[in-house]
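Below: one structure, written as structure tokens.
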């Protein structure tokens, strides 16, 4: 116990000393000169950089041709085409989301919209992990709209809700996956990051299938050298679709594995490199530094085209903090919302998108190998409202 | 924006200071704030509603407290209620009368079951048991390997007859494991099952079948502290599907408020038994309801701070430092070198602004804290690095030419070095005073530090908070002298919080050292 007290005192003293030393200096400087800051998080606009081609094929387009690769190696799985995956998986979505969309629809269709109805609407949204701020905003907008419209037929309500939800999700954001060969014929590099247990390795494996299904060649980098058997897990995924996995020793330096993967990818002449990283809580400074290093080291050879943050749909308000920190360290370019097939609604991504301008690019809808779908706001909202 | 409940409440009560009893309107205003705070901590909505009703009822009948202002009074009620729901005392594991005791783990994917299995095994092994891990997660690719590696690290036997990754029957594995355990004389069997969703009827059936096959003495529901509103649905689904006897909260080392703990405890009525808070196999502990309560409310959490400090500070260096501070004297002064080392150690715990925010009472100066840039610290370190050892030991010898050299070496302007040195002396003076206070504290050390969970400002009341109050007082004195300065204002505010706290805790037989009494403002705010 003595140690405890002593430790506390030392920490307190250190903090006090820090406050005494640094803060005044800071205050003094603040008005006169601006200190160099860490690079700001990417703005919404920067993500919309035009991609040469898109992996995401809108569901309306013609069905994708059979992937060619599998014929060469008959033992491999044939992943399903990505087009229309979301439509196919609509039933899964319904399981988790219908109560949200339908509930809102029912509430808004009531004859009299009194205070308690609005409260219920608010509760429905809060229950979807939307967060207090966005919820209040949406309710306010709906109120105004309803007042302006006056009469409400079921169709009008549906249209209203649809447009409001689309605005909330952000229809015009670029959600294409930049996992295509660069103009100079080098493979594109995708880094998959996130906290523990959100499904990074699974997502990486499924993403490989998505790319293979679209006729691309993929190389996997198992930079999760920390968790037991993570590399094996990734390799199992890779073997199923004939993607090679570059791995290092357990407990080795993840940056070196990532470097090696990108290097070998250039030699192997593949289209895309997917690097799976170890799960890390955003509060662990050391681990976040390590992640920053992985990205820096990879960038010595090739720019990182896509940094995907995997968020678990069950995550609550902490998801925003996670996204914020990861965005600061590795400049996240897209979000993969995993485990959306449960009862969780993943509303936190709305807040994330609003604050950081990072859009959801893929959603995971189940345990099946082909249950990762490109995210399409319109199809998603329709699925919500039709159930 | 206000971050914590205490800030919110303080804001809504600004005009009410000094009012003795809580009026109906006060309570309603408070209830709204509490609601938002709880929702932001991911407490499930139905639970929030119920909780607020309970708080309101208690607040109405609340006694006028001389020591607490209305905000504090409400917070105290909220905190008490929280601790109440989270479970007053922690339950221990039930062991079977005839070995082996079977513990089954269940939960969503990615909640951390496999890792937890290893931690639990290690913890039990340390307590003198012979646990055996059973790999009944045959779903996820390579989950079996993961458990084997975890088992190896924990130094316990893993029973894994099936390769997994979709091959094998988990029910059979679980059933066989019991015989295996008997045969090999293990007294505890920990069954790691696959992660499953509450809505997945088939998988829930499988979990129920595993349960029936092994008839576990304890079923533990493993839940991620970061989970949001879905916690209630999920917990209920598992309750109905397999049933569970206790809850384990994982990933508490993150900064999620962990409102899920409250939701699950309230909805299922099951106690949270363990908390897992780190990546290492040792990071596993019994659950502390009081700490969790403070965390959900977003109060500065001294205990977490201390724990983090313990993790990152080397005991030896700390002891040496404390010795220096306590003894003082010639040739044994706190030097810039010591200061630098201390800074580096604190830095290891994470960003400075976050640490300072963890200190109670700092919430009100959030903006200033947010301005703190850790880069500033690097500059200070750079300056110190630019000094010779002699200069670090005795900064008084730094004259003009030395100053110019240091400035050149560390890339700053000469003025900054002056300031650093000046502030260092000032800080050292304060530290000495505080160290004097520590001497006073020595007397307290004989007492057991039980009930330390008390949060300053909450009236949970404990020696720790008293100690803290005492330490912050000198800072107050300093603040009085010149308070145009934000840092000093910070200390001022901290001191204020501490003062309120001290009043609440009403030290019984504890005398402040004389030099502190002089620094204290006359009581009666």
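The values are calculated or read from the model by the stated rules, or taken from the named source; none is laboratory data. Fair warning: this is a prediction, and the values are worked out from it, not measured in the lab. Cβ sites come from the backbone with ideal geometry, for glycine too, and all protein chains shown count toward neighbours.
Residues being closer than 20 Å to residue B:106 by Cα, modelled with pLDDT of 80 or more, within 14 Å of chain A (Cβ to nearest Cβ) and buried (at least 24 other Cβ atoms within 10 Å of the Cβ) are represented in segment B:264-273 by at least one member.
Kindly establish whether residue B:118 is touching a residue at least 24 places away in the same chain (Cβ under 8 Å), farther than 19 Å from residue B:282 by Cα and within 14 Å of another protein chain (Cβ to nearest Cβ). No. The requirement of being surrounded by fewer than 22 Cβ atoms within 10 Å (Cβ to Cβ), within 14 Å of chain B (Cβ to nearest Cβ) and farther than 24 Å from residue A:220 by Cα is satisfied by residue A:355. Scan segment A:337-351 and tell me whether some residue there is outside any strand (DSSP E or B), free of Cβ contacts under 8 Å to residues at least 40 places away in the same chain and within 20 Å of residue A:381 (Cα to Cα). Taking every residue of segment A:337-351 in turn, at least one turns out to be outside any strand (DSSP E or B), free of Cβ contacts under 8 Å to residues at least 40 places away in the same chain and within 20 Å of residue A:381 (Cα to Cα). Please pick out the residue among B:387, B:438, B:344, B:358 that is buried (at least 19 other Cβ atoms within 10 Å of the Cβ), more than 8 Å from chain A (Cβ to nearest Cβ) and at pLDDT below 80. B:358 is the lone residue from the list that is buried (at least 19 other Cβ atoms within 10 Å of the Cβ), more than 8 Å from chain A (Cβ to nearest Cβ) and at pLDDT below 80. Taken together, B:124, B:138 contain a single residue that is part of a helix (DSSP H, G or I) and crowded, with 20+ Cβ neighbours inside 10 Å, which is B:124. Which residues, taken from segment B:203-219, are assigned to a loop (DSSP other than H, G, I, E, B) and within 34 Å of the chain's Cα centre (by Cα)? Hits for segment B:203-219 are B:216, B:217. Counting only helices (runs of 4 or more DSSP H) that fall entirely inside segment A:198-317 and contain at least 2 residues that are free of Cβ contacts under 8 Å to residues at least 24 places away in the same chain and on the phi < 0 side of the Ramachandran plot, the qualifying elements are A:230-241, A:285-299. Taken over segment A:330-372, the residue count meeting the criterion of being modelled with pLDDT under 85 and more than 28 Å from residue B:235 (Cβ to Cβ) is 4. Residue B:65 meets all of the listed conditions (1) within 14 Å of chain A (Cβ to nearest Cβ); (2) surrounded by fewer than 19 Cβ atoms within 10 Å (Cβ to Cβ); (3) at pLDDT below 80 but one, namely (1).
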